[in-house]
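Novice: Below is the structure I would like to discuss, written out as structure tokens.
The values are calculated or read from the model by the stated rules, or taken from the named source; none is laboratory data. If you're wondering where the values come from, they're calculated on a predicted model, not measured in any experiment. We place every Cβ from the backbone using ideal geometry, glycine too, and count neighbours over all the protein chains shown.
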Amino acid sequence: MSLFTCPVCGENLQREGSVYRCAQNHSFDIAAEGYTYLLPPNRKHSKAPGDDKGMAAARAAVLGKDYYRPLRDTLCQLAVSLTGDAPALLDTGCGEGYYTAGVYQALWDAGKRPRMAGIDISKFILRRAAKREKRVEFAVASSYHLPVGEESIDLLLNCFSPLALEEFNRVLRPGGHFLYVVPAARHLWQMKEILYEQPYPNEEKKTPYEGFHYREIRRVADTITLTCQEDIHALFQMTPYYWKTPEEGAARLAALPSLTTEIAFDVHVFQKL
């Protein structure tokens, strides 16, 4: 049985070869790369929502070289410690599947038998995720209309993606957890110093949410060195700064042969009451 439910009627989906099908006979093809499309047309706000091909390639380039490995390792540690022997997991806004695949493998290595699914609104980036980890289910879908059943998930990951709290509350089992990853104050600080005349730190705040117990904030911090302009540009392109940096700041960054910068993340750990 799939973790996914039908976006039309809400029934459980069953995989039959290269198709997902529900009891009402609604069917959804599985692409050659291994993902399916569970985003109804009336929930699409553009022809190709989410990350485009360029941003997908940039994220794959940076994460493929393990620049953000400290964050992945922390998520793996938390996933192992917060789940039982056979957990059901969902990665919302999973991107190219870097963290998804890492967490899934860490659970197997710990002797667990996980079932895991990942969703993202970008089909371009889902193609990469589905190729990366064949044992995880992937679907194009919205975080605000998750195609999974009520109280069916033990652990939910949310890395730099929309915080759809109502849906998270719906799909998590009582006692289940969700990990909410955001940039900490000095994330990519040295890069921002090059891009902007007066850079400002990211806002840090602790916000409680109804229906959840705030367990902790796990800080992840390290320093990375990018040794070629190709990697520097890829890192820049996968950030929001790529779309709002003045030309002169982008030109300064493009002139660098290498870059050493801090990375810093806060992992907010919540438990459903």
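Novice: Among the candidates 101, 60, 129, single out the residue that is closer than 23 Å to residue 171 by Cβ, touching a residue at least 40 places away in the same chain (Cβ under 8 Å) and not charged (D, E, K, R). Outline the logic, then answer.
Specialist: Working: 101 fails: touching a residue at least 40 places away in the same chain (Cβ under 8 Å); 60 fails: closer than 23 Å to residue 171 by Cβ.
Of 101, 60, 129, the one residue that is closer than 23 Å to residue 171 by Cβ, touching a residue at least 40 places away in the same chain (Cβ under 8 Å) and not charged (D, E, K, R) is 129.
Novice: Which number in (1) out of contact with any His (no Cβ under 7 Å at 6 or more places or on another chain); (2) under 21 Å from residue 172 (Cα atoms); (3) in contact (Cβ under 8 Å) with a residue 60 or more places away in the chain marks the one condition that residue 210 misses?
Specialist: Of the numbered conditions (1) out of contact with any His (no Cβ under 7 Å at 6 or more places or on another chain); (2) under 21 Å from residue 172 (Cα atoms); (3) in contact (Cβ under 8 Å) with a residue 60 or more places away in the chain, the odd one out for residue 210 is (3).
Novice: From the residues in the range 58-71 that are in a helix (DSSP H, G or I) and surrounded by fewer than 18 Cβ atoms within 10 Å (Cβ to Cβ), which one is modelled with the lowest pLDDT? Steps first, answer last, please.
Specialist: Just the residues of the range 58-71 that are in a helix (DSSP H, G or I), to begin with: 58-64, 69-71.
Retained after the next criterion (residues that are surrounded by fewer than 18 Cβ atoms within 10 Å (Cβ to Cβ)): 64, 69-70.
Details: 64: 94, 69: 98, 70: 98.
In this case the residue turns out to be 64.
Novice: Follow-up. Condition first: surrounded by fewer than 19 Cβ atoms within 10 Å (Cβ to Cβ) and either in contact with a strand residue (DSSP E or B) (Cβ under 7 Å, 6 or more places away or on another chain) or not in a loop (DSSP other than H, G, I, E, B) (or both). Now tell me which residues in the range 211-227 satisfy that. Break it down stepwise before answering.
Specialist: Start the filter on the range 211-227 by keeping residues that are surrounded by fewer than 19 Cβ atoms within 10 Å (Cβ to Cβ), which leaves 211, 213-219, 221-223, 225, 227.
Across the range 211-227, the qualifying residues are 211, 213, 214, 215, 216, 217, 218, 219, 221, 222, 223, 225.
Novice: Mind checking which residues of the range 16-33 are under 13 Å from residue 139 (Cβ atoms), at pLDDT 95 or above and not hydrophobic (A, V, I, L, M, F, W, C)?
Specialist: Those that are under 13 Å from residue 139 (Cβ atoms), at pLDDT 95 or above and not hydrophobic (A, V, I, L, M, F, W, C): 20, 29.
Novice: Take the conditions free of Cβ contacts under 8 Å to residues at least 24 places away in the same chain and either farther than 27 Å from residue 76 by Cβ or part of a helix (DSSP H, G or I) (or both) and apply them to residue 230. Does it pass? Show your work before the answer.
Specialist: Numbers: free of Cβ contacts under 8 Å to residues at least 24 places away in the same chain: no; either farther than 27 Å from residue 76 by Cβ or part of a helix (DSSP H, G or I) (or both): yes.
For residue 230, the condition - free of Cβ contacts under 8 Å to residues at least 24 places away in the same chain and either farther than 27 Å from residue 76 by Cβ or part of a helix (DSSP H, G or I) (or both) - is not met.
Novice: At least 2 residues that are surrounded by fewer than 21 Cβ atoms within 10 Å (Cβ to Cβ) in each: list the strands (runs of 3 or more DSSP E) lying fully within the range 131-210 that qualify.
Specialist: On the way: elements: 137-140, 153-159, 172-183.
By residue number, 172-183.
Novice: Okay, moving on. List the residue pairs whose Cβ atoms are under 6 Å apart, where the first residue sits in the range 258-272 and is more than 22 Å from residue 176 (Cα to Cα), the second is among the basic types (Lys, Arg), and the two are 6 or more positions apart or on different chains.
Specialist: 262/186; 264/186
Novice: Considering each of 75, 107, 13 in turn, give the residue that is within 17 Å of residue 132 (Cα to Cα), out of contact with any Asp or Glu (no Cβ under 6 Å at 6 or more places or on another chain) and of a type outside the set (Gly, Ala, Ser). Reasoning before the result, please.
Specialist: Values: 75 fails: within 17 Å of residue 132 (Cα to Cα); 13 fails: within 17 Å of residue 132 (Cα to Cα).
Checking each option against the conditions leaves just 107.
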